[in-house]
Amino acid sequence: MKKSVFVVAVFFCSTIMFSQENKNDFDGIRKNGISFNFLGTTPVIGITYERVLSQYMSLELGIGSNSAGLGVKILPFKIKESTMMFTTGLSTTYADYKDGWLANGKRVQLYVPVGISYYGTKGFNFGIDVGPGYRMYIKESNNVNDDNGFLPWAGIKIGQRF
C-alpha cells in the first residue's frame, strides 16, 4: 500500500511540475538569444543578447564597437515559432565614436524600431526593423550642442536562440 501511494504521489507531483514548466515556457519558445547585430541596438556592428519576458515582450542588451544599448521589443500578437511576427518598441544606445571618419564624439540615441522578427523551430533568430531615431551629441563637458536631431535608423540581426 505504501509503495502504491508513493508511486501515485511521485506521478502526481511530476505531472504538476512538468505542466508548470510548459506553462512558464511560453509554448516551448526558447527564451534566450544571442545575435550578430548591424545597426539597431548597437550602432555599426555588435552582439545582442535577447530575453523573452512574456508572450508579448522581449528585452535586448547589446554591446558593439565602442557602444552599448538597451531596448525593449513589443509584439502585439503572441510570440510563435516559424512565423513572421510584427514588432515595435524602444531602444537607447550610447556610443563613443572618438574621431571617426563617419561620426565623432559621444552620442546617445533613442530609436523606435518597427519591423519583423522570426524565431525558427531549431533556434534560428532573425529580425529587421526601421524607424525614427533621435540623436543627442554630448560634448566632453556633458553639454549638449546643436548637432542633435531626428534621423532615420534601421537594424538587422541574425542569431541563435537557446
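Take Phe77, Phe86 and sort them by solvent-accessible surface of the protein heavy atoms, 1.4 Å probe, largest at the top. Write out the running numbers ahead of the final one.
Values: Phe77 145, Phe86 95 Å².
From most exposed to least exposed: Phe77, Phe86.
The coefficient of translational diffusion for the range 94-135, derived via Stokes-Einstein from the alpha carbon Kirkwood radius under 25 °C and 0.890 mPa s, stands at 193 µm²/s. Neighbours of Ile63 by Cβ distance under 14 Å: Lys/Arg scored +1, Asp/Glu scored -1, total -2.
Evaluated at q = 0.20, 0.25 Å⁻¹, a Debye calculation over the C-alpha positions of the range 40-117 (equal weights, vacuum) places log10 I(q)/I(0) at -0.83, -1.12.
Calculated FRET efficiency, Asp99 to Ile34, Cβ-Cβ distance, R0 = 30 Å: about 0.45 to the nearest 0.05.
The values are calculated or read from the model by the stated rules, or taken from the named source; none is laboratory data. Only a predicted model underlies this, so the values are computations on that prediction, with no experimental measurement involved. In this analysis, Cβ positions are derived from the backbone assuming ideal geometry, glycine residues included, and neighbour counts consider all displayed protein chains. To get the accessible areas, we keep the full protein, side chains included, count just its heavy atoms, and leave off ligands, DNA and RNA. Shrake-Rupley method; radii C 1.70, N 1.55, O 1.52, S 1.80 Å.
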